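The values are calculated or read from the model by the stated rules, or taken from the named source; none is laboratory data. Note that the structure is a prediction, hence the values are computed from the model and not measured. Cβ: placed from backbone, ideal geometry, glycine included. Neighbour counts: every protein chain shown.
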Amino acid sequence: MTTPTRSEVAAVQRELRRDARLEWRVLLKAGGALVLVTVAVLLRELAL
Amino acid sequence: MTTALVTLLVVFVLVGTVPVWATALQYAVLPFHAVINHYGKAGYACPRVAVIVPAWNEALVLGAAIDRLLRLDYPPDRLRIYVVDDASTDATPEVVRALALAHPGRVVHLRRDRGGEGKAHTLNHGISIVLAEPWAEAILIMDADVIFAADSLRKMTRHFADPKVGAVTAYIAEGSADRNAITRFIGIEYVMAQLGSRRAQNVLGAIACLAGGAQLHTRANLEAIGGRIPTGTLAEDTMATFESQLRGRRMVFEPHALVLAEEPRTIRALWKQRLRWARGNVQVTKHYRQLWFRPSRTHRLGGIAFGLIWFSVLLLPVMMVLAAVGLVGLMWLHSSLAAFVFSLMWIAAAVVYVYSMLVAVQLDPRTGLRSWREAILFPGIGSLILMAVAISPPLVELVWAQLGVVVEGSTELALLVAMYVWGPVAMLGAWLARVVEPVPVLGWLLSRVLLYVVGYGSLLCAITVDAYVQEWRRADMTWSKTEKVGRVLG
């Protein structure tokens with residue numbers, strides 16, 4: 001492997017932080033979906 | 001005696017719900033990828049990468065794929081492309097020779113005089129040449145038709161900053177420019193199976209398969225598994241993934257590295273491709289029979305969660321048949337219990353389907369938007385009706401009343417049986433869709449209607465049944481590649 005320059009390392013770290021942040025968004029999206037499904041199930045229970 | 005039989009039949013139905021719980025498990029684990037991922041250990045890594053492109057009559061697609069490789073956001077002096085021409089009889093040699101001339105030292109043409117032995121053999125020809133020299137530090141195995149996004153390789157290599165990582169795979173998305181129902185279904189399937197399930201597998205620490213279209217190995221990993229891709233099964237990529245993990249190396253799925261692939265456009269072509277994959281999975285299951293459900297300190301392939309995920313796919317048809325047998329049996333012995341477990345089964349299926357699909361379409365919103373019909377109809381119209389029946393029985397009665405249909409006596413019995421055996425019936429419907437597809441005029445329309453009615457999952461299930469039969473008959477393992485004509489968006 002090559003010895004990277006400081007800016008190359010920084011660029012990779014920035015990109016990694018950005019992708020890691022996107023994974024938090026996945027968690028939020030899944031959370032949103034879970035809330036929607038839970039509400040639907042509760043509404044169904046109330047309706048029956 | 002009756003109690004024992006009823007208990008057994010209830011167990012049958014519960015076994016039929018295993019795939020639902022396996023999906024629920026994966027989509028419950030998936031959000032934890034926010035905290036359990038490899039980004040903390042990844043960093044700058046820019047190894048010298050030898051790309052191995054197996055090519056057997058790929059003249060139509062090869063040029064675009066190599067062109068995109070040459071334009072990757074990766075240092076040109078650290079990337080070499082080895083095209084292994086598997087005794088092609090079309091213009092592949094000319095295409096590769098022209099590229100090798102235009103990019104001396106960056107594109108290398110390797111020609112096999114005897115071809116048609118399969119992808120693994122073709123790859124091994126290239127790998128042996130690459131590993132004979134010390135230049136390559138990593139080896140990227142790909143398909144001749146796939147298009148790598150500019151930043152994809154860079155995003156994959158950064159995981160090699162952690163020496164425990166042996167290989168990395170990318171998100172292979174359906175990328176045809178002119179999509180049809182089949183490719184849209186595949187698009188949704190890939191979102192669910194890769195962006196969803198493989199993220200979950202990252203969390204669980206065991207990867208089922210590094211996609212053969214984008215498999216980046218470290219040199220050390222490839223040498224550790226014998227310096228070659230295993231050739232004993234039709235699922236060479238899955239075997240390479242298993243062999244790597246059995247040696248204690250970590251596999252990573254990188255969801256932000258995008259690779260576009262051209263996928264089959266007809267049920268018949270899809271059947272051919274997936275039959276190969278499904279037979280490969282049956283062979284892998286048999287080959288590693290000592291591995292399943294036996295936790296180990298070196299790898300997580302023997303974990304209960306991973307076993308559940310693996311067998312819920314492999315044994316899905318068996319589970320569907322068991323559920324149908326259980327429900328029909330209960331109908332005769334204990335009809336109210338049959339109705340109860342039926343509702344339980346389909347309500348669980350509905351909840352898990354809605355949750356997983358809502359998550360999946362958000363993971364790749366572009367695919368979700370252009371394939372929204374296939375996302376909704378993924379389980380099939382038949383299964384959606386059963387979900388509605390289970391969720392709201394009064395709604396169904398209302399529909400019958402509105403239609404002026406009186407459902408009682410033998411009609412009611414027939415309807416009940418039809419609902420209880422829907423799983424196996426849907427598989428038959430999928431098989432029928434394949435049979436009628438080539439029939440002139442109406443065949444195409446009928447096959448598409450059938451597909452939307454029985455659902456994409458039933459089609460894959462029917463293919464798995466075919467794989468069981470082919471394996472049982474020890475059918476010929478001749479490699480039959482999927483025809484690609486260069487429809488991927490550039």
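Quick check on B:Trp21: is it away from every other protein chain (no Cβ under 14 Å) and at pLDDT below 95? Considered against the rule, which asks whether it is away from every other protein chain (no Cβ under 14 Å) and at pLDDT below 95, B:Trp21 comes out as no. Going by the structure shown, is B:Ala193 free of Cβ contacts under 8 Å to residues at least 24 places away in the same chain, part of a helix (DSSP H, G or I) and either out of contact with any Gly (no Cβ under 6 Å at 6 or more places or on another chain) or within 14 Å of chain A (Cβ to nearest Cβ) (or both)? Taking the combined requirement at face value, the residue satisfies it.
Please name all residue pairs, on different chains or six or more residues apart, with Cβ atoms under 9 Å, provided the first residue is in the stretch B:288-308 and is of a type in the set (Ser, Thr, Tyr) and the second residue is part of a loop (DSSP other than H, G, I, E, B). Correct list of pairs: B:Tyr288/B:Leu301; B:Ser296/B:Gly302; B:Ser296/B:Gly303; B:Thr298/B:Arg247; B:Thr298/B:Gly248. As a summary of the residue check, B:Gly43 satisfies the conditions (1) away from every other protein chain (no Cβ under 14 Å); (2) over 23 Å from the mean Cα position of the chain (by Cα) except for the one numbered (1). Between a first residue in the stretch A:26-44 that is within 21 Å of B:Met192 (Cα to Cα) and a second residue that is part of a helix (DSSP H, G or I) and of a type in the set (Phe, Trp, Tyr), which pairs have beta carbons less than 7 Å apart while being 6 or more apart in sequence or on different chains? Partner pairs satisfying both residue conditions: A:Ala33/B:Tyr355; A:Leu34/B:Tyr355; A:Val37/B:Tyr355.
Please verify whether B:Val51 is modelled with pLDDT of 95 or more and over 28 Å from the mean Cα position of the chain (by Cα), treating the condition exactly as stated. Against the criterion (modelled with pLDDT of 95 or more and over 28 Å from the mean Cα position of the chain (by Cα)), B:Val51 does not qualify. For the stretch B:325-335, filtered to residues that are surrounded by fewer than 21 Cβ atoms within 10 Å (Cβ to Cβ) and among the aliphatic types (A, V, I, L, M), the residue that is farthest from B:Ser383 (Cα to Cα) is B:Leu333. The number of residues in the stretch B:203-220 that are over 16 Å from the mean Cα position of the chain (by Cα) and either without any contact (Cβ under 8 Å) to a residue 24 or more places away in the chain or crowded, with 24+ Cβ neighbours inside 10 Å (or both) comes to 3. Working carefully through the options B:Ala338, B:Ala375, find the one that is buried (at least 19 other Cβ atoms within 10 Å of the Cβ), at pLDDT below 95 and of a type in the set (A, V, I, L, M). Of B:Ala338, B:Ala375, the one residue that is buried (at least 19 other Cβ atoms within 10 Å of the Cβ), at pLDDT below 95 and of a type in the set (A, V, I, L, M) is B:Ala338.
With B:Ala65, B:Ala98 as the choices, which residue is surrounded by fewer than 17 Cβ atoms within 10 Å (Cβ to Cβ) and of a type in the set (A, V, I, L, M, F, W, C)?
Details: B:Ala65 fails: surrounded by fewer than 17 Cβ atoms within 10 Å (Cβ to Cβ).
After ruling out the rest, the residue left standing is B:Ala98.
Across the stretch B:105-147, which residue is surrounded by the most Cβ atoms within 10 Å (Cβ to Cβ) among those that are of a type in the set (Lys, Arg) and in a loop (DSSP other than H, G, I, E, B)? Spell out the reasoning first.
Step one: of the stretch B:105-147, the residues of a type in the set (Lys, Arg) are B:106, B:111-112, B:114, B:119.
Pick out the ones that are also in a loop (DSSP other than H, G, I, E, B) and you get B:106, B:112, B:114.
Details: B:Arg106: 17, B:Arg112: 19, B:Arg114: 8.
Result: B:Arg112.
To keep it simple, each residue is scored yes or no on (1) touching a Leu at 6+ places or on another chain (Cβ under 8 Å); (2) β-branched (Val, Ile, Thr).
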site: B:Val107; (1), (2): yes, yes
site: B:Leu140; (1), (2): yes, no
site: B:Val146; (1), (2): yes, yes
site: B:Ile188; (1), (2): no, yes
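Does B:Phe160 satisfy the criteria of being over 22 Å from B:Ala261 (Cα atoms), aromatic (Phe, Trp, Tyr) and at pLDDT 95 or above? Walk me through it before giving the result.
Values: over 22 Å from B:Ala261 (Cα atoms): yes; aromatic (Phe, Trp, Tyr): yes; at pLDDT 95 or above: yes.
Answer is yes for this residue.
State whether one or more residues within the stretch B:362-376 are aromatic (Phe, Trp, Tyr), more than 14 Å from chain A (Cβ to nearest Cβ), more than 17 Å from B:Trp21 (Cα to Cα) and free of Cβ contacts under 8 Å to residues at least 12 places away in the same chain. Yes, the stretch B:362-376 contains a residue that is aromatic (Phe, Trp, Tyr), more than 14 Å from chain A (Cβ to nearest Cβ), more than 17 Å from B:Trp21 (Cα to Cα) and free of Cβ contacts under 8 Å to residues at least 12 places away in the same chain.
From the list B:Ile267, B:Ile229, the lone residue that is modelled with pLDDT of 95 or more, of a type outside the set (Gly, Ala, Ser) and crowded, with 24+ Cβ neighbours inside 10 Å is B:Ile267. Flag: B:Leu195 does not match the condition of being at pLDDT 95 or above, aliphatic (A, V, I, L, M) and out of contact with any Pro (no Cβ under 7 Å at 6 or more places or on another chain).
Within the stretch B:148-183, the set of residues being assigned to a helix (DSSP H, G or I), over 30 Å from B:Val453 (Cβ atoms) and touching a helix residue (DSSP H, G or I) at 6+ places or on another chain (Cβ under 9 Å) comprises B:Leu153, B:Arg154, B:Lys155, B:Arg158, B:Ala161.
Counting the residues of the stretch B:247-268 that are of a type in the set (Gly, Ala, Ser) and over 15 Å from the mean Cα position of the chain (by Cα) gives 2.
Looking only at the stretch B:1-18, which residues are of a type in the set (Ser, Thr, Tyr) and farther than 15 Å from B:Leu316 by Cβ? Steps first, answer last, please.
First pass over the stretch B:1-18, keeping only residues of a type in the set (Ser, Thr, Tyr): B:2-3, B:7, B:17.
Selection gives B:Thr2, B:Thr3, B:Thr7.
What pairs come out if I take residues in the stretch B:410-427 that are without any contact (Cβ under 8 Å) to a residue 24 or more places away in the chain and pair them with residues that are not basic (Lys, Arg) whose C-beta lies under 7 Å away, six or more apart or interchain? Cβ pairs passing all conditions: B:Leu415/B:Val407. Would you confirm, using the coordinates I've provided, whether B:Leu322 is assigned to a helix (DSSP H, G or I), surrounded by fewer than 22 Cβ atoms within 10 Å (Cβ to Cβ), in contact with a Gly (Cβ under 8 Å, 6 or more places away or on another chain) and in contact (Cβ under 8 Å) with a residue 60 or more places away in the chain? Yes. For the stretch B:1-51, filtered to residues that are aromatic (Phe, Trp, Tyr) and in contact (Cβ under 8 Å) with a residue 60 or more places away in the chain, the residue that is nearest to A:Arg21 (Cα to Cα) is B:Phe32.
Residues of the stretch B:411-433 being of a type in the set (Ser, Thr, Tyr) and modelled with pLDDT of 85 or more, which ones? Selection gives B:Tyr420 alone. A count restricted to the stretch A:1-47 and to residues that are more than 9 Å from chain B (Cβ to nearest Cβ) and surrounded by 15 or more Cβ atoms within 10 Å (Cβ to Cβ) stands at 0.
Of all residues in the stretch B:119-156, those being farther than 18 Å from B:Ala240 by Cα and within 23 Å of the chain's Cα centre (by Cα) number 9.
Among the residues making up the stretch B:202-261, those that are part of a loop (DSSP other than H, G, I, E, B), out of contact with any strand residue (DSSP E or B) (no Cβ under 6 Å at 6 or more places or on another chain) and of a type in the set (Val, Ile, Thr) are B:Ile225, B:Ile229, B:Thr231, B:Thr233.
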